[in-house]
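The values are calculated or read from the model by the stated rules, or taken from the named source; none is laboratory data. All values derive from a computational prediction rather than experimental measurement. Cβ sites come from the backbone with ideal geometry, for glycine too, and all protein chains shown count toward neighbours.
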Amino acid sequence: MITPTHYMLLSAALFIIGVIGVMVRRNIIIIFMSIELILNAVNINLVAFSAQLQNQIGQVFAVFVIAVAAAEAAVGLGIILAFYRNKETINIDEMNLMRS
Amino acid sequence: MRYIWLIPLLPGVGAAVNGLVGIRSFSRRTAGIVACSTMALALALALLAFWQLLGLPAESRAYDVVVAQWIPKIPLATRTGFAAFEVPWGFRLDPLSAMMLLVVTGIGTLIHVYSTAYMADEPRGGVARFFCYLNLFCFFMLMLVLGNNFLVMFVGWEGVGLCSYLLIGYWYEKKSASDAGKKAFITNRVGDWGFVLGVFLIYFTFGTLNFREVQNAAATMTVESAHFGVLSWICLLLFVGATGKSAQIPLYVWLPDAMEGPTPVSALIHAATMVTAGVYMLGRNAVLFSHAPMVMEIVAIVGVLTALMAASIGLVQYDIKRVLAYSTVSQLGYMFTAMGVGAFSAGAFHLMTHAFFKALLFLGSGSVIHAMGGEQDMRRMGNLKKYMPVTFVTMMIGTLAIAGIFPFAGFFSKDEILFRSFLSNKAIWAIAVVTAMMTAFYMFRLMAMTFFGAYRGPAWETAGHGVAIGVHDRAKDATLAAAHGAKHPVDIHAHGHAHEPDHEVAHGPAEPHGPDDASHHTGHGHGHWHGPHESPTPMTFPLQALALGAIVAGFVGVPAALGGSNALEKFLEPSFTAEHAASGAAREIRPNDVIAGRQLEAGRQTGEVRALEHAGGAAEESGEHVSRGVELGLMGFSLLVAIAGIGLAWKFYVTSPEISEQLGEQWAGAHRLLSNKYYVDELYNATVVNGTFGAGEGLWVVDRTVVDGAVNGTSKLTVISSWFSGLTDRTVVDGLVNMVGSVVQEGSLLFRRLQTGLVQNYAMLMLFGIFAFVSIYLLVR
């Protein structure tokens with residue numbers, strides 16, 4: 001029997017994997033992918049509780065999240081492309097222009 | 001008489017013309033003509049005014065003319081509240097001022113004429129300057145005698161002081177002359193201080209400065225015989241003014257020094273007119289003084305002491321002008337004595353006669369000095385009657401007049417004074433008689449040394465053949481000359497200063513000049529000095545005119561005892577009394593009553609009122625009529641005394657000159673004391689002059705230390721405080737500002753480390769932050 005606890009554990013695992021990816025990886029593409037993982041961990045939670053509570057709002061919200069993630073990916077990839085044209089790299093350690 | 005204001009104005013115009021135009025462009029002659037003609041016109045007007053005054057009845061012989069408003073109405077505090085202080089340019093002609101008017105214009109005119117010749121050797125501009133001052137002096141003097149209130153009088157009073165200063169210092173290149181001018185001016189200033197205070201007090205007391213109003217108001221007040229009230233104070237202050245102007249103790253010291261001026265100035269100012277201003281002022285305020293018997297006594301005592309002291313100094317002086325100067329002081333003392341014993345008309349009478357014979361004597365001495373080429377030391381004269389007969393005769397008349405020999409002018413006026421002082425106070429009379437003897441003595445000593453004996457002056461060269469007649473003449477009188485010449489060596493050495501100021505600069509050295517001296521400017525018109533000679537007509541004419549005056553001037557005041565009517569006293573009487581109408585209920589005080597009044601007051605004090613009122617009446621009676629025998633006796637006595645003085649002088653200085661020499665040695669101490677004028681000048685120098693200098697220096701020290709110290713201290717304080725202010729500015733204020741800056745800088749150095757620019761760092765921080773917040777939320781909840 002699959003209980004909400006199992007969903008939440010899966011979601012937490014995914015979330016932690018995403019966070020660690022964001023923290024430790026140098027490649028911006030990978031970081032982006034980790035962010036997607038985080039978002040999807042949230043989505044699993046939303047959907048799981050939506051089914052559990054018999055409320056559709058959670059599923060609608062999950063769809064919104066997917067749409068926003070897509071938009072974010074589009075913008076983020078644009079930025080990465082522009083950066084790469086300037087710096088010939090996508091290493092996140094080179095992206096320190098905001099440094100004082 | 002409406003035009004009496006023209007009388008002072010004319011010499012004023014003359015002074016303006018000579019002063020503004022003359023100094024630059026007038027010749028000596030033109031300057032003299034301008035000055036003399038203005039004075040002559042003034043004299044003519046004065047005679048006319050006098051004639052018209054005589055034509056009026058005795059009670060209404062007074063005329064006031066207001067020319068213009070001077071000080072408009074100002075409310076000013078007086079003793080009884082506010083009164084309108086208002087002073088017009090008012091002139092008043094009454095018997096007293098008419099007499100003074102005639103004296104000033106008459107003698108002034110003669111002296112102007114005399115000056116044209118006496119000053120002929122001066123530089124051109126100098127003559128115009130001299131006449132400008134002389135005219136200006138007459139202007140102010142006439143203002144003084146004609147003014148109808150104290151303030152107009154004060155203008156004249158100060159003006160004559162100024163002119164006196166200018167004229168004494170006329171030869172201002174000479175230090176002694178300019179010093180003498182200053183001395184005169186400053187000494188007069190002291191007196192003027194008293195006069196001004198007196199005028200202030202008069203206004204404060206009476207609320208007016210008009211002479212007549214003041215006298216009328218004073219007549220209604222009580223006689224201050226027992227206490228020293230406001231009237232006494234007024235009179236005392238006015239008398240202080242008079243001592244300055246009229247050279248009385250203690251302010252007489254300026255007059256002998258004033259002889260540094262040209263001789264006509266000495267004659268005009270320091271004998272005939274200006275110095276009589278004080279006497280005139282006392283006479284003008286006769287009613288005031290009659291109400292202050294204590295001050296009257298002071299006046300009499302000061303007057304008689306001055307007379308005695310000045311006469312005694314005059315006994316031993318060798319400078320011909322100085323003898324006359326001390327004689328002037330002495331005669332002024334007589335006038336004050338007369339005023340002091342209440343004989344106002346006698347004082348005024350003596351003023352007039354003295355003006356004649358003293359001007360005559362001064363002008364005569366000027367003539368002698370002129371003849372001797374500037375020599376003033378009588379030891380170097382002698383036997384001049386041979387060379388200048390006119391001067392000799394006229395001066396002899398003047399000398400007889402001043403000695404009081406019948407029937408010359410001085411006899412009547414002096415005896416009037418002596419008689420009145422005899423009635424008032426025997427001691428004063430005795431001193432006055434001794435003084436009279438001294439007067440006769442020193443005047444004949446002067447005559448003897450100057451005109452008699454042997455010629456002792458320097459030799460001279462005649463223009464023709466170069467033979468020194470003077471030397472010859474001298475050799476002829478060798479015996480007498482030796483006696484005379486050896487007579488004074490002690491004096492010469494003991495009193496070296498006696499012949500310091502003897503030379504009048506413009507006349508050059510007294511020694512005759514040899515041909516090699518031709519380039520040296522002698523100032524004497526005819527180059528070389530040709531020995532004593534008679535003066536030119538413009539100089540001898542005034543001498544003769546004044547000699548006539550010295551003979552006849554006394555006859556206007558022949559006393560009743562000699563069968564005269566004493567016309568002058570009757571004429572002057574209204575000037576010395578208050579007006580009846582105005583005096584109202586109060587009894588009229590006539591100066592003649594003063595003696596009686598004094599005894600009356602004294603009687604009241606002892607309680608024997610009735611008996612002494614009778615005695616007072618008797619005293620008055622005797623003063624007027626009864627004591628004719630006494631009066632005649634006194635006259636005879638003083639005549640004898642004068643003749644005795646003359647005889648002594650004759651014996652000492654003509655017949656047996658060695659006696660005076662012996663006496664001088666026997667009484668060496670007294671002689672030195674007199675020759676040094678009682679050391680009064682030294683005393684004043686030691687006290688007043690050095691005191692002033694010392695005070696000035698003390699004040700300077702105070703100025704330097706205290707005042708400058710305060711100023712410098714303030715500045716130092718400012719410097720120190722501003723240094724502190726700068727210090728706090730630099731440390732505290734700047735420190736705060738810099739501290740803010742450095743704190744911000746240090747802080748930013750610390751916090752900039754956070755801004756790594758690395759996205760992952762930010763993410764990490766966010767993560768930790770969220771973790772922390774959630775942890776807190778979970779824990780604290």
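Within region B:95-130, the set of residues being within 24 Å of B:Thr577 (Cβ to Cβ) and surrounded by 21 or more Cβ atoms within 10 Å (Cβ to Cβ) comprises B:Pro95, B:Leu96, B:Ser97, B:Ala98, B:Met99, B:Met100, B:Leu101, B:Val103, B:Val104. For region B:56-94, the tally of residues that are surrounded by fewer than 18 Cβ atoms within 10 Å (Cβ to Cβ) and of a type outside the set (A, V, I, L, M) stands at 15. Scanning region A:6-58 for residues that are of a type outside the set (A, V, I, L, M, F, W, C) and over 24 Å from A:Gly76 (Cβ atoms) yields A:His6, A:Tyr7, A:Ser50, A:Gln52, A:Gln54, A:Asn55, A:Gln56, A:Gly58. Taking the residues in region B:436-456 that are of a type in the set (Gly, Ala, Ser) and in a helix (DSSP H, G or I) as candidates, determine which candidate is nearest to B:Phe392 (Cα to Cα). It comes out as B:Ala448.
Remark: pairs (first residue in region B:161-172, on the phi > 0 side of the Ramachandran plot; second residue assigned to a helix (DSSP H, G or I) and surrounded by fewer than 22 Cβ atoms within 10 Å (Cβ to Cβ); Cβ separation under 8 Å; 6+ apart in sequence or on different chains) are absent. Does region A:82-90 contain any residue that is of a type in the set (D, E, K, R), within 14 Å of chain B (Cβ to nearest Cβ) and over 22 Å from the mean Cα position of the chain (by Cα)? So far as region A:82-90 goes, yes, one or more of its residues are of a type in the set (D, E, K, R), within 14 Å of chain B (Cβ to nearest Cβ) and over 22 Å from the mean Cα position of the chain (by Cα). For region B:425-452, the set of residues classified as farther than 15 Å from B:Ser327 by Cβ and crowded, with 23+ Cβ neighbours inside 10 Å consists of B:Ile428, B:Phe451, listed by residue number. Of all residues in region B:732-781, those that are loosely packed, with under 10 Cβ neighbours inside 10 Å and either under 21 Å from A:Phe15 (Cβ atoms) or in contact (Cβ under 8 Å) with a residue 12 or more places away in the chain (or both) total 2.
Which residue, of A:Ala67, A:Ala48, is buried (at least 18 other Cβ atoms within 10 Å of the Cβ), over 25 Å from B:Tyr762 (Cα atoms) and either within 14 Å of chain B (Cβ to nearest Cβ) or among the small types (Gly, Ala, Ser) (or both)?
Residue meeting the stated conditions: A:Ala48.
For region B:20-40, the set of residues classified as part of a helix (DSSP H, G or I) and either hydroxyl-bearing (Ser, Thr, Tyr) or farther than 18 Å from B:Val113 by Cα (or both) consists of B:Leu20, B:Val21, B:Ile23, B:Arg24, B:Ser25, B:Thr30, B:Ser37, B:Thr38, listed by residue number.
Looking only at region A:3-16, filter to residues that are of a type in the set (Val, Ile, Thr) and over 15 Å from B:Ala763 (Cα atoms); which one of those is nearest to the other protein chains (Cβ to nearest Cβ)?
A:Thr5
Taking region B:348-364, which residues are under 18 Å from the mean Cα position of the chain (by Cα) and either free of Cβ contacts under 8 Å to residues at least 60 places away in the same chain or under 9 Å from B:Ala272 (Cβ atoms) (or both)? Passing the criteria: B:His354, B:Ala355, B:Lys358, B:Ala359, B:Phe362. Flag: A:Val24 does not match the condition of being surrounded by 13 or more Cβ atoms within 10 Å (Cβ to Cβ) and modelled with pLDDT of 90 or more.
A single entry from B:Val711, B:Val740, B:Val774 fulfils the requirement of being within 14 Å of another protein chain (Cβ to nearest Cβ), part of a helix (DSSP H, G or I) and not acidic (Asp, Glu): B:Val774. Is it true that some residue in region B:745-754 is assigned to a helix (DSSP H, G or I) and away from chain A (no Cβ under 14 Å)? Yes, some residue in region B:745-754 is assigned to a helix (DSSP H, G or I) and away from chain A (no Cβ under 14 Å).
Assigned to a helix (DSSP H, G or I) and touching a residue at least 60 places away in the same chain (Cβ under 8 Å): does that describe B:Leu255? Break it down stepwise before answering.
Working: assigned to a helix (DSSP H, G or I): yes; touching a residue at least 60 places away in the same chain (Cβ under 8 Å): yes.
Yes.
Considering region B:634-664, the residues that are surrounded by 18 or more Cβ atoms within 10 Å (Cβ to Cβ) and β-branched (Val, Ile, Thr) include one that is farthest from B:Phe419 (Cα to Cα), namely B:Ile646.
Here is a yes/no grid of residues against (1) of a type in the set (Lys, Arg); (2) surrounded by fewer than 16 Cβ atoms within 10 Å (Cβ to Cβ); (3) under 20 Å from B:Gly283 (Cβ atoms):
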{"site": "B:Trp171", "(1), (2), (3)": "no, no, no"}
{"site": "B:Lys174", "(1), (2), (3)": "yes, no, no"}
{"site": "B:Asp179", "(1), (2), (3)": "no, yes, no"}
{"site": "B:Ala184", "(1), (2), (3)": "no, no, no"}
{"site": "B:Gly191", "(1), (2), (3)": "no, no, yes"}
{"site": "B:Gly198", "(1), (2), (3)": "no, no, yes"}
{"site": "B:Tyr203", "(1), (2), (3)": "no, no, no"}
{"site": "B:Gly207", "(1), (2), (3)": "no, no, no"}
{"site": "B:Arg212", "(1), (2), (3)": "yes, no, yes"}
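Filtered by the rule that a residue be touching a Leu at 6+ places or on another chain (Cβ under 8 Å) and either closer than 22 Å to B:Met381 by Cα or surrounded by 13 or more Cβ atoms within 10 Å (Cβ to Cβ) (or both), region B:672-692 gives a lone residue, B:Leu674.
Right, B:Lys358: part of a helix (DSSP H, G or I), in contact with a helix residue (DSSP H, G or I) (Cβ under 9 Å, 6 or more places away or on another chain) and within 21 Å of B:Ser246 (Cα to Cα) or not? Yes; evaluated as a whole, the condition is true for this residue.
Please work out which residue is farthest from the other protein chains (Cβ to nearest Cβ), limiting yourself to region A:17-41 and to residues that are among the β-branched types (Val, Ile, Thr) and closer than 13 Å to A:Ile92 by Cβ.
A:Ile29
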